[in-house]
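See below for the structure under consideration.
The values are calculated or read from the model by the stated rules, or taken from the named source; none is laboratory data. These numbers were taken from a predicted model, which means no experiment stands behind them. All Cβ positions, even for glycine, are placed from backbone atoms using ideal geometry, and neighbour counts span all protein chains on display. Just the protein is used for accessible areas: all its heavy atoms, side chains included, with ligands, DNA and RNA removed. Shrake-Rupley method; radii C 1.70, N 1.55, O 1.52, S 1.80 Å.
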Amino acid sequence: MAFFDCRGIQLMLAIPERPDLDHPSSILYFKVADIKQAHEALVSRKVHFETKPMLVAPMATHDLWLAEFRDSENNVLALMCEKPKPAKP
């Protein structure tokens, strides 16, 4: 797995984690400020989500949350949110 910062756009190269992701396509991650609100707005528009918003990586300064969904061509896309951790007193 490798991460690249392309002038503010993050690019991750990795081997597919699941069989349904092993096809010639890329996953686009849409960064949102509030993943719960974005998820609810898309669900209300009948977007099919594969996963509910979930914590995938607790980091030192923030927690990384993802929620996967499919587009009209059945490609996997995802919402991504970096929730800041509270400042320590």
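A few remarks follow.
- Label corresponding to log10 I(q)/I(0) by the Debye sum over Cα atoms at q = 0.10, 0.16, 0.21, 0.23 Å⁻¹ when calculated from the structure given, among (i) -0.29, -0.73, -1.17, -1.32; (ii) -0.62, -0.85, -1.13, -1.18; (iii) -0.28, -0.70, -1.09, -1.20: (i)
- Listed by chain and number, the lysines placed with their C-alpha closer than 25 angstrom to that of Lys52 are Lys31, Lys36, Lys83, Lys85; residues fewer than eight positions away on the same chain are left out.
- Estimated dipole of the chain in Debye, rounded to 20 [Cβ of Lys and Arg +1, of Asp and Glu -1, Cα centre]: 380 debye
- Of the beta bridges in the chain, as assigned by DSSP with both residues counted there, near 85 percent are antiparallel.
- Computed [θ] at 222 nm, deg cm²/dmol, the chain (DSSP H ≥ 4; -39,500 (n - 2.57); rounded to nearest 500): -3500 deg cm²/dmol
- Neighbourhood net charge (15 Å Cβ-Cβ; Lys/Arg +1, Asp/Glu -1) for Pro19: -4
- Carbon/sulfur fraction of accessible area - the chain, other protein chains in place, 1.4 Å, %: 59 percent
- Dividing the mean sequence gap of close Cα pairs (under 8 Å, 6+ apart) by how many residues the chain holds gives a relative contact order of 25 percent.
- In the chain, a dipole from Cβ-located charges (positive for Lys and Arg, negative for Asp and Glu) runs towards its positive end, and of Phe3, Leu21, Ala38 it is Ala38 whose Cα lies farthest in that direction.
- 1.4 Å probe accessible area per residue over the chain, in Å²: 79 Å²
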